[in-house]
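Everything on this sheet refers to the single structure shown next.
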Amino acid sequence: MNQIKGLFFALLISSCGLVQAATLSFPEELIPLKVNGEKVEHSLFSKKLDFDLPVGTHKVQLKYSDLYELDYDEHQTVSSEPFWVEVSITQDGKYKIGFNRAKDIEAAEQFAQSPAVYVVTPNNSQQKAVAVKPEVEVAPVVAERVKSAPQTVAPVSRKAVEGVTHPSAELMLHYWWQQADKKQREAFLKAVKVN
């Protein structure tokens, strides 16, 4: 009986080795925000840039952010809006997301407007383009309510600082909508319908 249990255990362990998984790595300039709908947590001092994924197609939300030196002591960060890509994992091994890094800040700003990335497969000889998907739009119900909301002017309680621009309320609503999870979005929509 012990021999049967041992044989069963050995078969179970060897079958676990048949499950294929791969590692998907990102360069520091391409920050993964979501992988298959799951938000990626980054700390202040480090970014999560490596992911173990099974064979299949995976949707990844990225943001491009790169630092360029203008002068000796002056730098500027160039960033893109979040964008979606699909990555196909076909075999075990190490996959890398790559992009053609701009040589100067003007080219980086152009890249940030329409980022394009590619995948380097485990055999390194094959590169395949990744389909760039449009970013998810704000839910139509929220967008219509924002447009149809009565236009009221709030009293100015403090003097605006000269030379400082503030984001619009619509832009901030869009930003926070993208940060919210499904449960928070549903609660917000219920609150908007009540008011």
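The values are calculated or read from the model by the stated rules, or taken from the named source; none is laboratory data. The structure displayed is predicted, hence computed values, not measured ones. For neighbour counting, all protein chains shown are included, and Cβ atoms are generated from backbone atoms with ideal geometry for every residue, glycine included.
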Next on the checklist: Looking for something among the hydroxyl-bearing types (S, T, Y), more than 24 Å from E41 (Cβ to Cβ) and at pLDDT below 75 - is there at least one such residue anywhere in segment 161-177?
Outcome noted: yes
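Taking Y95, is it surrounded by 17 or more Cβ atoms within 10 Å (Cβ to Cβ), among the hydroxyl-bearing types (S, T, Y) and not assigned by TED's automatic domain parsing to the domain that holds Q178?
So Y95 fits the description; yes.
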Next on the checklist: I'd like to check something: does segment 123-130 contain any residue that is in the same structural domain as L30 (by TED's automatic domain parsing), surrounded by 10 or more Cβ atoms within 10 Å (Cβ to Cβ), at pLDDT below 75 and among the basic types (K, R)?
Outcome noted: yes
